[in-house]
Amino acid sequence: MNTTGLVKAMVGSLVFGVVFGAATAGANALSNRFADLESTSYTTSGWSYAEILAVVMDSGWAWAGLAVAAGWLVTRAENGAPLAPARGAAAGVLSLLAAVAAYAFGETIAGGGALTSFVGNEQLVWWVAGLLFGAPLGAVGACAHRAGVIGLLARLTVPVGAAVQMALIPPGRNEVITAIGQWVVGVAAAAGIVFVVVRFLLSLRRPSEPAGAQAA
C-alpha cells in the first residue's frame with residue numbers, strides 16, 4: 001500500500017469510528033426517550049426496540065468488533081502483506097479513539113449541552129482502553145484475510161466474543177431487555193460462527209477436488 005492509500009485507510013478508520021460512536025450515542029438517546037422509568041411495571045419488565053438496539057450497539061463486544069472491522073477494512077486489498085497487522089493495529093486504535101470522541105460529543109448533545117457521567121468521569125478510561133485494546137483487535141482484523149487456522153481464529157473473534165459476553169456479562173436495564181438482547185446477539189453470533197466454520201471447511205476441500213469435478 002502506497003502512502004496515499006495508507007492515508008486514505010487511516011482517514012477511513014477515523015470516519016468509521018466517528019459514525020459508530022455517534023450512532024451508539026444516538027441509539028442510547030433514543031432508548032431513553034422511549035423509556036418510561038416513572039412506571040414501576042415498565043422499569044421492571046418494559047422494553048422497546050430502541051432499548052434493544054442500544055443494548056446491542058453499546059456492548060463491549062460491539063466496540064471490540066469496531067476495531068476488528070477497521071483492521072479488516074484497511075487491509076482487505078493487501079492479501080496478507082507482512083505489514084498488514086501493523087496497519088490493522090493502527091486502524092483499530094484510531095477507530096476506537098474516534099468512536100469515543102464521537103460518543104462523548106453525542107452524549108453532550110443529547111444532554112442539552114450538559115456534561116454527562118461518561119464525559120465527566122468515564123471518558124478517560126475509554127481513551128486508555130482504546131489505546132490498549134485497539135491495536136491487538138485491529139491486528140486480529142488484518143489477520144482475518146489469511147488462510148489457515150490463523151485466519152479462521154481471527155474471523156471467529158467477534159462472534160465468539162459476542163456470545164461469551166452476552167452469556168457471562170449481559171447488559172440490560174431489566175431481565176426482559178437482557179433476555180431479548182441475549183437472544184438477538186446469540187442467534188446472530190451462532191449464525192456467524194457456522195458461516196465462518198463452513199466456509200473454512202469448504203476452502204479446505206477445494207484443492208483436493210479433481211479438475212473434472214470442479215468443471216462439472
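Rule-based calculations on the coordinates, nothing more; no lab input. In this text the structure is predicted, and so the values were computed from the model without any measurement. So basically every Cβ, Gly included, is an ideal-geometry build from the backbone, and we count neighbours across all protein chains shown.
Checking (1) 19.8, 70; (2) 17.1, 50; (3) 17.9, 53 against the coordinates, the calculated Rg and Dmax of the Cα atoms in Å falls under label (1). Each peptide in 34-47, 53-66 gets a packing score, the mean of other Cβ atoms within 10 Å over its residues, and the list from highest to lowest is 53-66, 34-47. Charged side chains reduced to their Cβ positions (Lys and Arg at +1, Asp and Glu at -1) give the chain a dipole of some 900 debye around its Cα centre. Sorting Phe16, Phe105 from the fewest to the most surrounding beta carbons within 10 angstrom yields Phe105, Phe16. Counting beta carbons within 10 Å around each of Phe200, Phe195 and listing the fewest first gives the order Phe195, Phe200.
In plain terms, the chain from Thr43 to Thr4 could stretch by 8.8 nm, reckoned as 0.36 nm per residue minus the Cα-Cα distance.
In terms of other Cβ atoms within 10 Å, Leu30, Leu96, Leu6 run from fewest to most in the order Leu6, Leu30, Leu96. Placing unit charges on the Cβ atoms of the charged side chains and taking the dipole of the stretch 3-145 about its Cα centre, the candidate lying farthest along the positive direction among Leu137, Leu124, Val11 is Val11.
Mean residue ellipticity at 222 nm, helices only, the chain: -26500 deg cm²/dmol; runs of at least 4 DSSP H residues each add -39,500 (n - 2.57), and the sum is divided by the number of residues.
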